[in-house]
């Protein structure tokens with residue numbers, strides 16, 4: 001479904017990604033882990049069309065996405081949930097969700113998708129009329145993920161969903177992502193919680209200093225000595 005072939009990415013003269021190769025197949029839950037500043041968020045921004053690759057190719061369903069703007073990438077089936085969330089804090093949960101469906105013209109489809117999202121996230125249904133800005137951190141993360149689903153994406157890019165959350169809320173958010181995969185959503189997850197990520201994903205890539213340092217099934221990476229030493233404190 002998604003392929004990055006020798007992708008370079010830069011901010012001005014500062015190169016962040018160096019010949020990154022990455023694949024995500026339909027239905028997979030793939031993790032992208034690594035230290036701060038490794039280029040994980042830059043990778044997602046490049047896939048989502050917020051940053052044009054300086055070299056290489058981004059392919060989605062076989063189509064070259066280099067230079068495709070973010071709004072058009074959304075229409076092709078990519079949804080990017082940034083760590084900033086970008087919620088409309090003075091709008092209700094319901095209105096935030098409907099804003100996520102702006103690419104869908106059919107009102108009936110919007111409402112069907114809304115019902116699906118409320119079924120996945122019953123807590124959001126309970127708070128349908130609540131202002132987004134008054135919700136807890138974990139609820140805001142769930143709302144951001146749910147809003148990302150409102151465009152009926154084929155690929156969900158999720159950036160640091162655990163950032164700033166208490167451990168029990170992190171568990172809730174990760175459980176939500178697992179449920180989404182079970183519903184057929186393909187997910188690429190960027191996370192600093194390496195152990196938690198490797199426990200829930202099918203495969204993972206380790207990004208270090210803008211380059212893919214290793215890749216493989218999550219069940220194998222979690223036992224890799226380098227991963228243990230560098231990220232798991234073992």
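Legend: ranking of residues 28, 199 from fewest to most surrounding C-beta atoms inside 10 Å; resulting order 199, 28. Exposure proxy shown here: for 119, 128, the number of other Cβ atoms within 10 Å sets the order, fewest to most, as 119, 128. Between 198, 169, 156, the residue with the greatest mean-square fluctuation in the GNM of the chain (Cα pairs under 10 Å linked by springs) is 169.
Restricting to the chain, compute how many DSSP beta bridges are antiparallel as a %, nearest 5. If we restrict to bridges inside the chain, about 55 percent are antiparallel. In the chain, the longest principal axis of the Cα atoms and the axis of helix 167-182 are about 90 degrees apart.
At a Förster radius of 45 Å, what calculated FRET efficiency corresponds to the Cβ-Cβ distance of residue 15 and residue 202, to the nearest 0.05? Calculated value: 0.90. Rounded to 0.05, the FRET efficiency of the residue 226 and residue 182 pair, given R0 = 30 Å and the Cβ-Cβ distance, is 0.45. Stretching residue 112 away from residue 88 to a fully extended chain increases their span by 6.5 nm, per 0.36 nm per residue minus the current alpha-carbon distance. The stretch between residue 171 and residue 66 holds 34.3 nm of extra length on full extension. This uses 0.36 nm per residue minus the Cα-Cα distance. For the chain, the longest principal axis of the alpha carbon atoms and the long axis of helix 107-120 meet at an angle near 70°. Could you work out the percent of alpha carbon pairs in the chain separated by over 34 Å, rounded to a whole number? Summing the P(r) tail past 34 Å for the chain gives 13 percent.
Taking the Cα centroid of the stretch 180-225 and of the stretch 116-144, what is the distance between the two, rounded to the nearest whole Å? One Cα centre to the other: 27 Å. Rounded to the nearest 10 degrees, the angle from helix 137-149 to the longest Cα principal axis of the chain is 90 degrees.
Values quoted throughout were computed directly from the atomic coordinates according to the rules given, and no laboratory measurement underlies them. Bear in mind the structure is a predicted one, so any value in this text is a computation, not a measurement. Glycine also receives a Cβ, built like all others from the backbone with ideal geometry; neighbour counts cover every protein chain displayed.
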